[in-house]
Every structure is written in C-alpha cells, then in structure tokens.
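Let me begin by presenting the structure, written as structure tokens, before commenting on it.
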Amino acid sequence: MMSSEKDNWRLAYHLMPPDGWLNDPNGLCQANGMYHIYFQYAPNTPAPDGRMARTWGHYAGPDLVHLQFEGVPFWPETADRDGCYSGSAVVHDGEIDLFYTGNIKHTGDYDYIRDGRESNTILVKTRDGKKYGEKKVLFGTKDYPEHCTRHVRDPKVWQEDGVWYMVLGARMDDDSGALLFYESGNLIDWKLLKIVSTAKPFGYMWECPDYFTVGGQSVISLCPQGVESEEFRYENLYQAGYFPVSGDLRGAQSFKPFREWDFGFDFYAPQTFEDENGRRILIGWSGMPDHPYENPTAERGWENALTVPRLLGLRGGVVTQMPVPELKELRTKEQLINPEGKLLLSYAAGDVEVRFPEYRFIETGSWKIEIGDGVCLSYFNQILTLNMSGKAGRGRVERRVRAEKITDARLLIDRSMLEFYFNGGEIVMTSHYFPELKEDSQLEVRFDCSGAEITAWEMKPLPVNEQYF
Ligand code: FRU
C-alpha cells in the first residue's frame, strides 16, 4: 500500500515519517523564530535491515503545530557512508550547527563492536534549514579515549558560562556504558574533559546522551542497553531515563538514582532543547530498536513516530513531562463524559483529561479505562497497569508502575499511538497499538472511574498530516 492512500493507522497529531522508517529525534532547536525537528530517517524502507543507511529527515515551522516536512537535509557520503546517525544542534550567531555521528562499517569478518566500525563526529552548518554547508569531520575513531570500543556516538552539544560542551555515548571495552564529555571554545577544536560512568556498570552501552538543567536541577539523560529487567522497572529491551546530578560539570559530581522517562512499550532516544522562550522541551522516539513486538504499519510502508513535544518541569525531584500547551489548538468538539460512560471518537484521535476526586486517594481508589478492544488502563492497589495483551497490542503485553496515588490523567489517543500522562506528568506511558478501525475509523473509550471529572476533545490533524485524512 502506498502511504498516500487512506490508512487509518496514520497519525493525526504526531509526526510520523511521510514514508519509510523513523527513529531518534535529532538536531532539535529554535533559530530565528523557526522550530527545527530533525530525525533519523530511512525513506522508502520501513524496518531497515541494517544495510539501509540512515540519514536525517527534517520538519520546520514557526510553532510546534504548523510544521512542514522539509525533506532530507543531507545524505550519506564518505565519512558517513553507512549512515548519518544521531546528533544535535546549537544555534550560534543566527546559524544552526548540527553535530552528528558518521557511521562507517567495513566489509569483512568483524564483530562491529571492537572492530570493523568507525564513528566520525561531524559538523554541518545551515542558516535557513534549506541550504547546508560542507560536512566537516571534527574527530574520529582514532581520537576517542583509550578503552572505548568502536561504539561511540550521538553528540549532544550545548553552551554553559561561555564554554561549549559535547557529550557522546560509549561502550567501553569492559562492556560498560559511559559518557565522554568534551569542551571547546570555538565548536571546532574539542578537548576531552572527563569520562563519566557509574561505580557499578549500568548496562554495556549508553546511547543518545543529553545534559541539561530544569527547575534548577541538572540531569544526565541517556539510553542504557543491557540493564536487567526488574518487576516494575526496566521492562523494555533498552531503557531511556535520567540521573539527577549535583555538583559542577567541571568538578566532582554525584548521581541520584536513575529514573525512566517513560513506562510504555515504545519510547527511546529522547532529546531536549531550550526554545527561544526558555522552555525545556523533550521529544522522544515512539519506537524501540530490536523490539520483540510487531508494527504492522511496516506493511503499509511506514513505521514509528515522534512523541508530541513535551514541556519539562520539576516536582519533588522528579522531572515532569506534559504535552506543550500549543497542542490544545488542535482540540475540537469538547464533551463532558460520564465517569461511568463512553466516549466515541469519530476518527480515533482524541485528548482526554481525567481528574480523580480526593477521596479516591485514601480509599483503594481503583479505576479502569478501556480503549477500543485491546487496551486496558487500570489502577488498583497502588499499581498502574497498561494491559495490551489483545490483538491490538501485537505482542505488547503488560507494563506496571507503582504509584501511591493518581490525581489526574491526560490521555492522548491518536489512531495507532497512545501517550498517557499521570500526576502532572510524573509518570508517562507511550505505546503503539493497532486497533481494528472500521471504514469510518470510530473508536470507543469506556470509563469506569466513579467520581472522576472527565473532559474529552476530538483532535484535528496537524496541518502537515491533513493530506492523509
Ligand atoms: C538509537 C541509535 C543511535 C544511533 C541511531 C542510528 O536508536 O542506535 O545510537 O545514532 O540510533 O539510527
């Protein structure tokens, strides 16, 4: 099926690839008023099999709703011939500097961990997001510190007190994950500042790092691979989360416990940026590498999506995430829903706010919300459960999170994607699901939430997605 045909799993208000495969958000920034959202992209090829070189795709717009697809900014050439991998942006003198990993895989009998692979850190500049300068290799495999394997990638760059910093994710040769911090005065010449890891290895590889401050709290965000699953934690194949850190970046720092960004089935490789209004915004990849479940949209020529942009805040040491307020511009047809009633979404895209009354926090307070036939979200005995064991889950079964109480929920339901936010964004769950939508694409949501106040809206598609409706 061509992606231009009517496809009721295509999303209304999430960014998805126009065709082909999408993974990590890259190069997030706002420059001269325009927002730029780049992403890992394999056009025409859903589910790349490792031979398909990834490049970047690009959306841009004056706000986070009116974005346009700008195509592919650059393609693999020499120093990135097997993939323009993930990276980030800084805005400097009105110019956008993009840093990314150029992936090279040599042909031969290699394990591609300790040998056979090169990772170049590359800089490419653009003033307008339309014309791009020459790619410049800043450093490469021979320049990384001793004891790194060939897995070093995903530069995130930022400025603090007049100094530029870069952090890269790495797998060390003792199979522990680590981060390499560099500093620079001119964005071209970089010097290693320090290597950061945990006292006890926490996974074998740390991908897609980020470092920022929100509400006065500094955090290191990263995606560790190889962390053992626990009950209620680390249930996905790879993790995405953060360590709150104290102390100065240039001196000794201590870490507080790691916390996952998201407890759903499909969330990975988030990146943040600060916009021109000083908001710290996070966008994640709604998807997962090497996942054990199915994404049947691949048969329709596309796979994965980005989460909505999330505004970050800080509450009691937890970084909260809520959809950026401008998403409400897409709301239409407001309805008050009976707490034991039903909501019918006319084309399976909605935004629901649930407020639980206070007495529920003291009693057992159980409640349940069912979406279509196959998704059940419930709260019982202080455990929040997302069950997707029906056909719509396509191999996704159950995720559980402990929560002392649930005060509120915001449910973003979008055709084949779900984002649930609880307690002002302290707990988030993102997943794909594939409901059997009929010709008319109606979806029923059933509530068993006695005493709760529920308001629901249908959601209009993002202008860039209108063509698919
Ligand atoms: C994370 C990741 C990155 C890499 C990119 C390649 O999903 O593996 O580490 O740069 O994807 O597409």
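The values are calculated or read from the model by the stated rules, or taken from the named source; none is laboratory data. If you're wondering where the values come from, they're calculated on a predicted model, not measured in any experiment. For neighbour counting, all protein chains shown are included, and Cβ atoms are generated from backbone atoms with ideal geometry for every residue, glycine included. The accessibility values were calculated without ligands, DNA or RNA, using every heavy atom of the protein model including side chains. Shrake-Rupley method; radii C 1.70, N 1.55, O 1.52, S 1.80 Å.
Points to keep in mind about this one:
- Sparsely packed GluC sites (Glu not before Pro) within segment 84-142, loop by DSSP, other Cβ within 10 Å at most 11: 134
- Cα-only Debye scattering, segment 57-177: base-10 log of I(q)/I(0) at q = 0.16, 0.22 Å⁻¹: -0.83, -1.29
- In the complete set of protein chains, residue-level accessible area for residue 376 is approximately 30 Å², probe 1.4 angstrom.
- Counting only DSSP H runs of at least 4 residues, each contributing -39500 (n - 2.57), and dividing by the residue count of the chain, the helix-based mean residue ellipticity at 222 nm comes to 0 deg cm²/dmol.
- Karplus-based coupling profile of segment 424-430, in residue order and whole Hz: x, x, 6, 10, 10, 9, 10, with θ = phi - 60° in 6.51 cos²θ - 1.76 cosθ + 1.60 and x standing for Gly or Pro.
- Database remark: amide H of residue 314 closer than 5 angstrom to the amide H of 320 (H placed geometrically; neighbours at sequence offset of 5 or more, or on other chains; Pro and chain starts carry no H).
- Normalised by the number of residues in segment 109-179, the average gap of Cα pairs under 8 Å and 6 or more apart makes the relative contact order 26 percent.
- Figure legend: label point modelled 7 angstrom from the Cα of residue 199 along Cα→Cβ; residues of segment 248-285 with amide N under 17 Å from it are 252-258.
- About the Cα centre, charge dipole magnitude for the chain (Lys/Arg +1, Asp/Glu -1 at Cβ), debye: 240
- Relative protection proxy for 319-331, 53-65, from highest mean packing down: 53-65, 319-331 (other beta-carbon atoms within 10 angstrom).
- Residue 385 versus residue 344: modelled label distance in nm, points set 7 Å from Cα along the beta carbon direction: 3.0
- Ellipsoid semi-axes for segment 88-129, based on the Cα gyration tensor and the rule √(5λ), read 32, 8, 5 Å when sorted largest first.
- Toward the positive end of the charge dipole of the chain, with +1 on the Cβ of Lys and Arg and -1 on the Cβ of Asp and Glu, the farthest Cα among 148, 345, 34 is that of 148.
- Per-residue ³J(HN,Hα) for segment 17-31, Karplus 6.51 cos²θ - 1.76 cosθ + 1.60, θ = phi - 60°, Hz, x for Gly and Pro: x, x, 7, x, 10, 10, 10, 3, x, 9, x, 5, 6, 10, 9
- Under-27-angstrom lysine pairs by C-alpha in segment 330-460, whenever the two are 8 or more apart or on separate chains: 16
- For residue 24, the residues whose amide H sits under 5 Å from its own are 40, ignoring neighbours fewer than 5 places away on the same chain, with H placed 1.01 Å from N.
- For segment 163-250, chymotrypsin sites (Phe, Trp or Tyr not before Pro) meeting the loop criterion (DSSP other than H, G, I, E, B) and having at most 15 other Cβ atoms within 10 Å: 232.
- Solvent-accessible surface ranking, highest first, for 250, 117 at 1.4 angstrom: 250, 117
- Among the lysines of segment 109-268, pairs at least eight places apart or on separate chains and with Cα atoms under 18 Å apart come to 11.
- Whether the chain is rounded, prolate or oblate, judged on the alpha carbon gyration tensor where a/c under 1.5 counts as rounded: prolate
- FRET efficiency estimate (nearest 0.05) - Cβ-Cβ, residue 469 to residue 127, R0 22 angstrom: 0.05
- Using θ = phi - 60° and Karplus 6.51 cos²θ - 1.76 cosθ + 1.60, couplings along segment 242-255 (whole Hz; Gly, Pro as x): 9, 9, x, 10, 10, x, 7, 3, 8, x, 6, 10, 10, 9
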